[in-house]
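Participant: Before anything else, here's the structure in question.
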Amino acid sequence: GAGVSQSPRYKVAKRGQDVALRCDPISGHVSLFWYQQALGQGPEFLTYFQNEAQLDKSGLPSDRFFAERPEGSVSTLKIQRTQQEDSAVYLCASSLHHKQETQYFGPGTRLLVL
Amino acid sequence: KNQVEQSPQSLIILEGKNCTLQCNYTVSPFSNLRWYKQDTGRGPVSLTIMTFSENTKSNGRYTATLDADTKQSSLHITASQLSDSASYICVVIPSGGSYIPTFGRGTSLIVHP
């Protein structure tokens with residue numbers, strides 16, 4: 001497929017469990033973004049990569065959240081010791097070059113922490 | 001306070017009718033303003049992108065307008081279809097050093113047959 005893909009699509013975790021969310025951006029896209037979308041809200045910025053460099057992680061809500069993109073393509077968002085307030089949809093988006101170009105979103109991973 | 005406010009929060013219309021969604025923002029200065037359509041369970045899809053110097057942008061039955069003086073944008077949907085049922089999100093991208101987009105909460109549109 002030519003679009004952004006994310007896996008898993010759904011994840012149920014027990015409170016305190018670690019989770020890893022994967023994003024496969026469109027091939028060749030330089031910029032990659034992670035967003036958190038709570039129910040009934042708009043997405044909120046978490047972090048931004050340009051190739052393998054994490055240029056901005058100011059939106060990560062706590063040090064339990066960690067993101068990486070080691071080879072400049074696939075990215076993983078890891079949440080340690082999940083809490084109930086982490087329940088949300090986690091969206092990944094990529095753009096071809098510049099960070100202000102059109103972003104193409106994946107379908108998201110819906111995380112539910114019990 | 002959210003820097004991007006959308007109204008109405010939800011809207012129900014009959015198939016074939018037109019509707020207009022509103023977006024007021026305080027993000028300034030800004031680089032561009034975007035409207036996205038988000039179907040339930042899917043990621044947002046870009047409908048229009050307007051720079052601060054543009055007043056209107058069309059994409060099929062979708063027409064977005066922008067008034068940078070009053071910091072208002074609208075999305076007009078013509079001859080609505082059942083497939084238009086979705087959430088419509090207004091996004092403002094700041095200019096200058098920051099590029100972090102500010103998203104509105106969206107307007108939930110339901111089109112009834």
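Participant: Go through region A:80-114 and report how many residues are closer than 18 Å to residue A:54 by Cβ, more than 9 Å from chain B (Cβ to nearest Cβ), assigned to a strand (DSSP E or B) and out of contact with any His (no Cβ under 8 Å at 6 or more places or on another chain).
Facilitator: So the count comes out to 1.
Participant: Does at least one position in region B:35-49 carry a residue that is more than 12 Å from every other protein chain (Cβ to nearest Cβ), in a loop (DSSP other than H, G, I, E, B), surrounded by 13 or more Cβ atoms within 10 Å (Cβ to Cβ) and not hydrophobic (A, V, I, L, M, F, W, C)?
Facilitator: no
Participant: May I ask you to list the residues in region A:1-19 that are under 11 Å from residue A:106 (Cβ atoms) and part of a loop (DSSP other than H, G, I, E, B)?
Facilitator: If the condition is that a residue be under 11 Å from residue A:106 (Cβ atoms) and part of a loop (DSSP other than H, G, I, E, B), then A:1, A:3, A:4, A:9 are the ones that fit.
Participant: Evaluate the following for residue A:65: is it among the hydrophobic types (A, V, I, L, M, F, W, C) and within 14 Å of chain B (Cβ to nearest Cβ)?
Facilitator: Answer is no for this residue.
Participant: Considering every residue within region B:20-30, establish whether at least one is over 20 Å from residue B:109 (Cβ atoms) and part of a strand (DSSP E or B).
Facilitator: yes
Participant: Something else now. Looking at region B:50-60 only, could you name the residues that are within 30 Å of residue A:34 (Cβ to Cβ) and either outside any loop (DSSP other than H, G, I, E, B) or within 14 Å of another protein chain (Cβ to nearest Cβ) (or both)?
Facilitator: B:50, B:51, B:52, B:57, B:59
Participant: Quick one: how many residues across region A:16-62 are at positive phi and within 11 Å of chain B (Cβ to nearest Cβ)?
Facilitator: 1
Participant: If you don't mind, another one. As an exercise: evaluate residue A:77 against (1) touching a residue at least 24 places away in the same chain (Cβ under 8 Å); (2) within 14 Å of chain B (Cβ to nearest Cβ) and give the number of the one condition it does not meet.
Facilitator: (2)
Participant: Being assigned to a strand (DSSP E or B) and not polar (S, T, N, Q) is the filter; apply it to region B:61-75 and report the residue that is farthest from residue B:21 (Cα to Cα).
Facilitator: For region B:61-75, the residue satisfying everything is B:67.
Participant: Right, here's the next one. Return the residues of region B:94-108 that are crowded, with 21+ Cβ neighbours inside 10 Å and within 7 Å of chain A (Cβ to nearest Cβ); say none if nothing qualifies.
Facilitator: Correct list: B:101, B:103, B:104, B:106.
Read the figures in this text as sums done on the coordinates, not as results from a lab. What you see is a predicted model, and the numbers here were worked out from it, not measured in a lab. Here the Cβ is made from the backbone with ideal geometry for all residues, glycine too, and neighbour counts use every protein chain on show.
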